[in-house]
1. In the full protein assembly as shown, how much of Lys37 is accessible to a 1.4 Å probe, in Å² to the nearest 10?
2. Please work out how much accessible surface Thr43 shows to a 1.4 Å probe, ignoring ligands, DNA and RNA, in Å² rounded to 10.
3. In what order, largest first, do Ser41, Ser101 sit by accessible area if the probe radius is 1.4 Å?
4. Using a ≥ b ≥ c from the Cα gyration tensor of segment 16-154 (square roots of the eigenvalues), is it rounded, prolate or oblate, where a/c under 1.5 gives rounded and otherwise the larger of a/b and b/c decides, a/b for prolate?
5. List the residues whose amide H sits under 5 Å from the amide H of Arg163, counting only those 5 or more places along or on another chain, with H placed 1.01 Å from N in the peptide plane.
6. Asn74 versus Val9, label points 7 Å from Cα toward the beta carbon: distance in nm?
7. With θ set to phi - 60° and the Karplus curve 6.51 cos²θ - 1.76 cosθ + 1.60, what are the ³J(HN,Hα) couplings of segment 21-26 in order, to the nearest whole Hz, using x for Gly and Pro?
8. For Val68, Val49, Val9, what's the largest-to-smallest order of accessible area, 1.4 Å probe?
Amino acid sequence: NYQFRKGYVKHIRHLIIPNVSYSYRPDFSEPQWGAYKKVQSDTNGNKQVYSIFQNNLWGSPPAGNSSVVSWSINNTLEAKVRNKKDTINHEKKIHIIDMFSISSSYNTALRNFKWQMINMSARTKLFQYLDVNFTGLLDPYQINDKGVRIEKFEYEKTGSPGRLTNYSLALSTSVRSKSTTGPKQSTKG
């Protein structure tokens, strides 16, 4: 919270909500779980792995283990400004950023590329009528001259937390007609 004694802005409030979670999933393709079997797939004696649950309503349990630490940071930013029209508090609340979120995860079970994509999203309203929504993906890893992803961080090369690989910006508004307050007239025929 930042307070100002003089000027148009009285107060700025920045709310930060961090979140960290952990999830673990064993490798259900290991024999001890009995979820996957090997069967002969052709007359040459070739074998194929299949899940005994593959036609089940819930599907097959996933193969490969996972040990993921996920994190996110959610932000809002608002201000209180002086308002002469408000005769009681003499102030008005303005939402500067309704929501700004950044999140990613780290999979310790992977051998390479343990950091996942960094997700960003933001939402705000401009001039009380225009809704602005932004989403973007940052890849924390570099690409080489051939465009192949390599296990070196983009930060080492450019100082940026990642390469912007995908983004969208949406602007929207709603238009409503003014309501009439006169009495309704009925037509009889």
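The values are calculated or read from the model by the stated rules, or taken from the named source; none is laboratory data. Everything numeric here is computed off the predicted structure, so don't read it as measured data. Every residue, glycine among them, receives a Cβ derived from its backbone with ideal geometry; neighbour counts consider all protein chains shown. Just so you know, the surface numbers come from the protein's heavy atoms only, side chains and all, with ligands and any DNA or RNA stripped out. Shrake-Rupley method; radii C 1.70, N 1.55, O 1.52, S 1.80 Å.
1. That residue has around 90 Å² of solvent-accessible surface.
2. 140 Å²
3. Ser41, Ser101
4. Prolate is the answer for segment 16-154, as a/c is 1.5 or above and a/b outweighs b/c.
5. Counting only residues 5 or more places away or on other chains, the set is Asp139, Tyr141.
6. Computed distance between label sites Asn74 and Val9 equals 2.4 nm.
7. Residue by residue, segment 21-26 yields 9, 9, 9, 10, 9, x Hz.
8. Working: Val68 25, Val49 85, Val9 50 Å².
Ranked list, largest accessible area first: Val49, Val9, Val68.
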